[in-house]
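Here is the structure we will look at.
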Amino acid sequence: MIRRLLSLLAGSLLCIGLAAAQDTPSGKSKSGGTETSLTGCLTKAADGSYLLADEKTGKQVMVTGPSDLEKHSANHKVRLTGTETKTGGTMTFEATKIQHISPTCPPASK
């Protein structure tokens with residue numbers, strides 16, 4: 001009886017340990033970078049790249065990510081979740097999640 005109880009307990013602890021080891025830590029992407037969110041107006045540039053005018057800073061950031069970017073690229077207000085990378089002097093945001101907020105963006109304040 002005790003031997004069976006100890007075996008059951010050991011098996012349970014092993015399963016719990018394996019499940020915990022598979023979770024991605026909060027705030028980390030699968031690629032190892034820190035996940036962050038940006039909110040702003042998404043547009044498509046003449047060269048086909050996507051740009052997000054950050055709502056907080058007004059700074060434009062080049063965006064890459066899923067094909068869903070296309071349907072939100074007509075100056076829609078979105079919240080993007082993903083990771084930022086800096087190559088040379090260019091900041092790129094790799095979006096992993098897109099949340100549509102509004103089909104229009106407010107006019108830029110002066």
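A few comments on the model shown:
- Number of positions in region 60-85 that are over 16 Å from the mean Cα position of the chain (by Cα) and without any contact (Cβ under 8 Å) to a residue 12 or more places away in the chain: 2
- Residue list for region 40-87, filter: in a loop (DSSP other than H, G, I, E, B), farther than 15 Å from residue 103 by Cα and among the polar types (S, T, N, Q): 49, 57
- Residue selected from region 26-57 under the condition small (Gly, Ala, Ser) and either at pLDDT below 85 or in contact with an Asp or Glu (Cβ under 9 Å, 6 or more places away or on another chain) (or both), by the criterion surrounded by the most Cβ atoms within 10 Å (Cβ to Cβ): 40
- When the residues of region 74-92 are filtered to those that are basic (Lys, Arg) and surrounded by fewer than 18 Cβ atoms within 10 Å (Cβ to Cβ), the one that is modelled with the lowest pLDDT is 86.
- Checking each residue in region 32-59 for being within 17 Å of the chain's Cα centre (by Cα), over 12 Å from residue 80 (Cα atoms) and touching a residue at least 24 places away in the same chain (Cβ under 8 Å) picks out 33, 34.
The values are calculated or read from the model by the stated rules, or taken from the named source; none is laboratory data. Just so we're clear, the structure is a prediction, and the values are computed from it rather than from any experiment. Glycine gets a Cβ as well: all are built from the backbone with ideal geometry, and neighbour counts include every protein chain shown.
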